[in-house]
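The structure appears below as structure tokens.
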Amino acid sequence: MKNIDIDKKQFRNWCLGALLFWCTLMAGSLYLSAKNEWQSAMSTGREIGRSNIQKDYIYRVWNAQHGGVYVPITERTSPNPSLSHIPDRDIRTVTGKKFTLMNPAYMTRQVHVLGEELYGLRGHITSLNVIRPENRPDSWEKNALQQFAQGIEEVTELVSMDGLPFMRVMTPMPTTENCLKCHAHQGYQAGDIRGGISVSVPMQKIVAVAKGHILLNRLYHLLTFLIGVSGLYVFYRQTSRQLVRRAAAEENLKTQGDYLQSIVDNISNGIAVYEADNNGEDFVCKNLNSSGLQSAQLASKDVVGKRVTEIFPTAIDLGLFAALQRVWKTGEPEHLPLSLCDDEQISLWVENYLFKLPTGEIVVVYDDVTQRKQAEEQLLRKTEEWGKTFNAIPDIITLQDKEMKIIRANQAALDFFQIEAAELQGMSCYRLFRGSAEPCTGCPGITTLADVKKHTNIIEHTSLGKFFQVCSVPIFDHNNKVQYSVHVAQDITEKKRLEEELLQAHKMEAIGTLAGGIAHDFNNILAAMMGYAEIARMRLPEESEVTDDISQIITAGRRAADLVKQILTFSRKTDQEKTPLLMYLVVQEAMKMMRSSLPTSIDIETRIDKNSGQVLVDPTSIHQVIVNLCTNASQAMGNAKGKLKVTLGRTDLKPEQIPDNLTVDPGPFIVLTVKDSGKGMDAKTMERIFEPYYTTKKQGEGTGLGLAVTHGIVMDCKGFIQVESSLGKGTTFQVYLPALEQDSILSVDTENNGPLPTGNEKILYIDDEPAIARVAEIALSALGYQVTIETRSTRALKRFQTAPEFFDLVITDQTMPELTGLELAQAMLELRPELPIILCTGYSSALTEEEAYDVGIMSYMAKPTNQKVLAETVRKLLGKNNETHQ
């Protein structure tokens, strides 16, 4: 108990010293806080004074810079006698109002009076050499002015005035050039200190606030002091009790020593105690616990008193002996990494922990991890197998944390992005795939983290030009919480392309079906329209002005019929025949039509070389190319004023002038150029302009087929198209078509105005469209034929069956209700096999021209039929020449 009494005495002395220190600290803090509070109050007063002086100085300078200001003369503002030497001190306006000159000093005095009246601020402008007696300095100001002469720039002091505290602040007034107007006669020069401005700031409220703060600080310090003393007292009491308890604990500690030895003997790790021998040259084992003996497969008698190298022959090779020497010399603990202890007696994996006891003995803790090492090796083998499998998967696989940062990626990911594994660590998947700071729209990984389920979605990465099918699966930790997520990104770009091509094929098939469906009805409409127009033209005298107009209607009708053929060609329903064609004729005709259809705001300029030569094309298709390009140019210019330039010429292309991606032979080409001044295109748009259904126009303004059709026609003619465009600078399309080496004789489609062949035979005409039947009746009757028309195929068959020999020729439509033209023809030919029959059709996918001839039909004509062609065909089938039947 003697030791405990000594400890308690020393602790009591320490607490008394701490109390003395606390008292000193609180007193010093109280003094400093009061001093700082008072200095802050004084500083506030000084700043108020300085601010007012600076304000006075500013408007004085302003007044001086303007040479004084004139103010109305009032009872309060009378002329300044000190300025009587100035001739224009007093002035009078044209209205008779009197003004007097107010110099800076006069203005300052009045402002000071107002300041004192309104705010209690006392201002005074003074000098050692005053003009006005009222400006004489008081004793404090005089002392300050004298200090200014010695170079002092400011004088401040807290004084008592009229029994109240005031902070007096005064600064010097240097003489400027503007001041000499009024003060030059006093002998001042620019730069002289001719006086000063003093301000007396009332400090009663400021001082009262400062005293209040000081009092409050005293209360705070008192409270803090009492809290500290109370805490010290409590600390003293509690620590005294702890000292008593510690003494009891030390007594118990001795008792527990035996228990600790028991614990050491039963702990799972091997624990050995070594004693240094010969100043650390060797080490002798004093003790090895039961676990250590079991691991080493030794008995206690084989260990105690033995040298370490005797117990463990591999101690030197493993570094254990050197570690014992270092720990003995330095006293610093050490850890020997995992190593294999393998000798004739034992083979095990151990980790060694060494530390030095205060007694100088070295303790070595042996952690036998043989089983763990074997398990790790097995796990490593499985991990390597898993890693090989992981890297063998061709899809991009990433392991991501809950912030979508990549922890690991397979070889497919590294190869795809051409990146090292180290660069990938910690990178977010959306940065890797998109270079973005935000997750992808529709990312399944976000949904997986939200609902902890597997999700799959297709995501397009435009920056990579790829489509990926992304699958995200959560991975849970031992608490069944999401730890990671596995993202599998399968590149389905090719699959997507094939799907789009399949969809496009379905669309084209649908277009073909639609084209076939409308072709019949549309050609019937055109047949009636053109038929009546031709009849009207026949009935007009040749000199009639209307003849040309009707001819234009007929030409437009033929163009519409050709357009139907082109639609069928585009939908792969029929083929068009290519013939040698003088290119300039088609361009001239197309531009004639475009002039009347394009807005007047577009200036059209053409430069057509009539000697450019011939190309092997379908006239209707090449006409459509010109119309499509000009229409596209018009839409690019919109309603704004623009210029459309169309040129046609001839050039010889060398192999190096042909783009590498084209399989086009060099040689002579006819070049059609369509240039507009429209809004132009960026590079991304130019890459896709020839794709079907791709359009940058709003819905309803275009289908996206025009340029696709144009490209298809040009490629079919063994030509190619080059495009130049940039945003805001317009677009130029150049169509290159191979020119024929030797110009063929061109068959120009001109109207033959000669007489049509006539006759007087009996003709049965069947069509379910009354208008078409009526047109045929009028046209054929005008040629002398006896025409009978029928609009129902069954009734026509009955009439024919009644008198099969009555009619010399039958003309029938193909697509009709009840009986088709083919069925009707077959029934009539059974009764009269030699009967000449003409089959007309707007369009029918169920019957080809060859099939019609195989049945026995003698002529197959497409609607709308030309009257000249019809007349010549009828005359040819009836087998009589024109002269006989005129």
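The values are calculated or read from the model by the stated rules, or taken from the named source; none is laboratory data. It should be emphasised that the depicted structure is a prediction, and the values quoted were computed from it without experimental measurement. Note that we place each Cβ from the backbone using ideal geometry, even for glycine, and neighbour counts take in every protein chain shown. Only protein heavy atoms, including side chains, enter the accessible area calculation; ligands, DNA and RNA are left aside. Shrake-Rupley method; radii C 1.70, N 1.55, O 1.52, S 1.80 Å.
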Checklist outcome for this item: Being open to solvent by 90 Å² or more (accessible area, probe 1.4 Å), of a type outside the set (Phe, Trp, Tyr), at pLDDT 75 or above and in contact with a helix residue (DSSP H, G or I) (Cβ under 7 Å, 6 or more places away or on another chain) narrows 237, 241, 245, 218 down to just 218
Checklist entry - Are there any pairs with C-beta distances below 9 angstrom linking a residue in region 675-688 that is under 17 Å from residue 630 (Cα atoms) to a residue that is part of a helix (DSSP H, G or I) and hydroxyl-bearing (Ser, Thr, Tyr), with the two at least 6 apart or on different chains, and if so which? => result 676/634; 678/634
Next on the checklist: Tell me whether region 815-832 contains one or more residues that are open to solvent by less than 60 Å² (accessible area, probe 1.4 Å) and of a type in the set (D, E, K, R).
Outcome noted: yes
Checklist entry - Do we have residue 818 as among the acidic types (Asp, Glu), more than 25 Å from residue 556 (Cα to Cα), in a loop (DSSP other than H, G, I, E, B) and in contact (Cβ under 8 Å) with a residue 12 or more places away in the chain here? => result yes
Item to check | Residue within region 5-13 that is within 30 Å of residue 157 (Cα to Cα) and of a type in the set (D, E, K, R) present | outcome: no
Checklist entry - Could we say that residue 60 is modelled with pLDDT of 85 or more, in a helix (DSSP H, G or I) and either touching a strand residue (DSSP E or B) at 6+ places or on another chain (Cβ under 8 Å) or within 30 Å of residue 97 (Cβ to Cβ) (or both) here? => result no
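Table: residues versus (1) within 30 Å of residue 216 (Cα to Cα); (2) in contact with a Lys or Arg (Cβ under 9 Å, 6 or more places away or on another chain).
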| site | (1), (2) |
| --- | --- |
| 9 | no, no |
| 20 | yes, no |
| 28 | yes, no |
| 60 | no, no |
| 65 | no, no |
| 69 | no, no |
| 96 | no, no |
| 102 | no, no |
| 108 | no, yes |
Checklist entry - Restricting region 402-424 to residues that are more than 24 Å from the chain's Cα centre (by Cα) and in a loop (DSSP other than H, G, I, E, B), which is surrounded by the fewest Cβ atoms within 10 Å (Cβ to Cβ)? => result 420
Next on the checklist: Can you find a residue that is touching a residue at least 12 places away in the same chain (Cβ under 8 Å), of a type outside the set (Gly, Ala, Ser), surrounded by 14 or more Cβ atoms within 10 Å (Cβ to Cβ) and not in a helix (DSSP H, G or I) anywhere in region 20-32?
Outcome noted: no
Checklist entry - Does region 433-456 include one or more residues that are aliphatic (A, V, I, L, M) and more than 27 Å from residue 481 (Cα to Cα)? => result no
Item to check | Flag for residue 438 being under 29 Å from residue 684 (Cα atoms), outside any helix (DSSP H, G or I) and among the charged types (D, E, K, R) | outcome: yes
Checklist entry - Is it the case that residue 865 is over 11 Å from residue 814 (Cα atoms), outside any helix (DSSP H, G or I) and in contact (Cβ under 8 Å) with a residue 12 or more places away in the chain? => result yes
Next on the checklist: Would you confirm, using the coordinates I've provided, whether residue 525 is of a type outside the set (S, T, N, Q) and either open to solvent by less than 50 Å² (accessible area, probe 1.4 Å) or modelled with pLDDT of 80 or more (or both)?
Outcome noted: no
Checklist outcome for this item: Residue hits (region 526-556; touching a residue at least 40 places away in the same chain (Cβ under 8 Å) and of a type in the set (A, V, I, L, M, F, W, C)) are 526, 527, 528, 529, 530, 535, 538
Checklist entry - So, in region 583-634, of the ones that are touching a Phe, Trp or Tyr at 6+ places or on another chain (Cβ under 7 Å) and not in a loop (DSSP other than H, G, I, E, B), which residue ends up farthest from residue 711 (Cα to Cα)? => result 608
Next on the checklist: Given the options 626, 604, 622, name the one that is open to solvent by less than 40 Å² (accessible area, probe 1.4 Å) and either touching a Gly at 6+ places or on another chain (Cβ under 6 Å) or more than 24 Å from residue 668 (Cβ to Cβ) (or both).
Outcome noted: 604
Checklist entry - Identify, please: which residue in region 848-862 is within 23 Å of residue 801 (Cβ to Cβ) and in a loop (DSSP other than H, G, I, E, B) and is, among those, most open to solvent (accessible area, probe 1.4 Å)? => result 858
Checklist entry - If you check residue 634 against the conditions, is it over 22 Å from residue 716 (Cα atoms) and open to solvent by 50 Å² or more (accessible area, probe 1.4 Å)? => result no
Checklist entry - For region 288-390, which strands (runs of 3 or more DSSP E) that fit wholly inside it have 2 or more residues that are modelled with pLDDT of 80 or more and in contact with a Gly (Cβ under 9 Å, 6 or more places away or on another chain)? => result 347-356, 362-368
Checklist entry - In region 85-105, which residues are of a type in the set (A, V, I, L, M, F, W, C) and surrounded by 10 or more Cβ atoms within 10 Å (Cβ to Cβ)? => result 86, 91, 99, 101, 102, 105
Next on the checklist: Regarding region 403-416, can at least one residue be identified that is in contact with a strand residue (DSSP E or B) (Cβ under 7 Å, 6 or more places away or on another chain), among the β-branched types (Val, Ile, Thr) and at pLDDT 80 or above?
Outcome noted: yes
Item to check | Criterion: open to solvent by 10 Å² or more (accessible area, probe 1.4 Å) and of a type in the set (Gly, Ala, Ser) - qualifying residue of 803, 773 | outcome: 803
Item to check | Every residue from region 97-133 that is of a type in the set (D, E, K, R) and in contact (Cβ under 8 Å) with a residue 12 or more places away in the chain | outcome: 97, 98, 109, 122, 132
Checklist entry - From the list 826, 801, which residue is within 21 Å of residue 854 (Cα to Cα), in contact with a helix residue (DSSP H, G or I) (Cβ under 9 Å, 6 or more places away or on another chain) and part of a helix (DSSP H, G or I)? => result 826
Item to check | Residue that is surrounded by the most Cβ atoms within 10 Å (Cβ to Cβ) [pool: residues in region 637-669 that are among the polar types (S, T, N, Q) and under 43 Å from the mean Cα position of the chain (by Cα)] | outcome: 647
